[in-house]
Amino acid sequence: MLTKWSGKTWGTLGDSITEAGGYQPLVQEALGFASVINYGKSGCPMTAGGDRDYGATTHVGRTIDTDLDCVTIFAGINDFRLDKPIGELGSKDLYTFHGAYAGVIEDILAKNPKCRLSLWTPLHRDKDSYDIFTVNASGHRLVDYVDAIGEIGRRYALPVLDLYAQSGLNKLTLPHFTSDGLHPNEAGHRRIADMAVPFLLGL
């Protein structure tokens, strides 16, 4: 069990927190992944549409290597900040969070059904007047996107790493774990890795 990922390949999808490449080397060292491919796109949401559509995770996820052993999706914080509508569970509308997320999951698993795909929730944030209590222009709080990820995980029988509820990053600790109330510093990436390692071992 402790060597299940030794020599395997891991693809990481997400936004700037993933693109920064801070947690991946820590997890790779602990679990022995032979290679890690970082598909993170800074500032981009899961949901299609708008001026950041070029990096929307729902699009990027359709271009990843189809031979990966492990794929993680760590998205949602920018959907909240960019006021993306959540939509309804079961939707195929890529311009809603539910539809965009479901679309990329179905694409990845259709091309690579053997990969172990998991969904990671956003962390808390306190930046640019957006925190966990803020209601965005679409009428959603950050936790609504977190809850949607949980629903999607259950629908597709995919494990969810709930960093929102269990990371210990909150308004009181964000100054210690982030550089700006949003982006993890070294300690923040270490905390993510500390949670990701046993989570991935348990899959």
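The values are calculated or read from the model by the stated rules, or taken from the named source; none is laboratory data. Here the structure is a predicted model, which means the values were calculated and not measured. Quick reminder, even Gly has a Cβ in these numbers, built from the backbone with ideal geometry, and neighbours come from all protein chains shown.
Tabulated data for the structure shown
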{"read-out": "Any hit, segment 122-134, residues being closer than 30 Å to THR9 by Cβ, at pLDDT 95 or above and part of a loop (DSSP other than H, G, I, E, B)", "value": "yes"}
{"read-out": "Hey, THR57 modelled with pLDDT of 95 or more, closer than 30 Å to ASP180 by Cα, buried (at least 22 other Cβ atoms within 10 Å of the Cβ) and in contact with a Phe, Trp or Tyr (Cβ under 7 Å, 6 or more places away or on another chain) or not", "value": "no"}
{"read-out": "Condition met for ILE17 (crowded, with 18+ Cβ neighbours inside 10 Å and in contact (Cβ under 8 Å) with a residue 12 or more places away in the chain)", "value": "yes"}
